[in-house]
1. Counting other Cβ atoms within 10 Å of each Cβ, which trypsin sites (Lys or Arg not before Pro) in the stretch 18-63 have at most 16 and sit in a DSSP loop?
2. Could you give the length gained on full extension between E73 and I15, defined as 0.36 nm per residue of separation minus the Cα-Cα distance, in nm?
3. What part of the accessible area of the chain, given as a whole %, is carbon or sulfur when the probe is 1.4 angstrom?
4. Label L80 and R33 with points 7 Å out from Cα along Cα→Cβ: what is the distance between them in nm?
5. Once you charge only the Cβ atoms, +1 for Lys and Arg and -1 for Asp and Glu, what is the size of the charge dipole of the chain about its Cα centre, to the nearest 20 debye?
6. Which entries of K14/K76; K16/K98; K31/K98; K31/K62; K10/K31; K31/K76 show an alpha-carbon separation above 24 angstrom in the structure shown?
7. Given the rule -39500 (n - 2.57) for each run of at least 4 DSSP H residues, summed and divided by the residues of the chain, what is its mean residue ellipticity at 222 nm, to the nearest 500 deg cm²/dmol?
8. Can you tell me the accessible area per residue over the chain, all protein chains present, probe 1.4 angstrom, in square angstrom?
Amino acid sequence: MKRYVFDDAKLAYKIKSLRHKAKIPQKEFLKFRNSQEDVLRTSTKSEQTRENLDEIITANFKRAQESARVLEECFKLINLERAELFKSIRYELYELEKEL
């Protein structure tokens, strides 16, 4: 069975290990999620339209990179070690996007 579309074990492992590298304590941060009143809950027109798999991949890489950047900046207030971790994750995402 193919792993997604690419069937690339090396790439799949890189992405999986990057996700695990973040080590975000979900239970600790779940209390801050307010999905009922999220100002971006409604999809934009551009989010509803994708022409092909490349557009989906690009959108998701950008989303992950932006998320890593936000976490990096927020953690600068409370934990510089975590801020640097998210910075390294962001740069790894840039490299993975180029590799793909």
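The values are calculated or read from the model by the stated rules, or taken from the named source; none is laboratory data. Predicted model only: the values in this text are computed from it and were never measured. Note: ideal-geometry Cβ built from the backbone for every residue, glycine included; neighbour counts use all protein chains shown. When the accessible area is computed, the model is the full protein with side chains, heavy atoms only, and any ligands, DNA or RNA have been set aside. Shrake-Rupley method; radii C 1.70, N 1.55, O 1.52, S 1.80 Å.
1. Numbers: sites: R19, K21, K23, K27, K31, R33, R41, K45, R50, K62, R63; in loops: K23, K31, R33, R41, R50.
When the trypsin sites (Lys or Arg not before Pro) of the stretch 18-63 are filtered for loop state and at most 16 Cβ neighbours within 10 Å, K23, K31, R33, R41, R50 remain.
2. Values: separation 58, 0.36 × 58 = 20.88 nm, distance 2.20 nm.
Fully extending the segment from E73 to I15 adds 18.7 nm.
3. Numbers: 4690 of 8580 Å².
Result for the chain: 55 percent of the exposed heavy-atom area is carbon or sulfur.
4. Going by the 7 Å Cα→Cβ label model, 3.2 nm.
5. On the way: 22 positive and 18 negative charges, 81 e Å.
About 380 debye.
6. Numbers: K14/K76 26 Å; K16/K98 17 Å; K31/K98 35 Å; K31/K62 26 Å; K10/K31 35 Å; K31/K76 21 Å.
The answer is K14/K76; K31/K98; K31/K62; K10/K31.
7. On the way: 5 runs with 66 residues, N = 100.
Mean residue ellipticity, 222 nm, calculated: -21000 deg cm²/dmol.
8. Details: 8580 Å² over 100 residues.
Value returned for the chain: 86 Å² of accessible area per residue.
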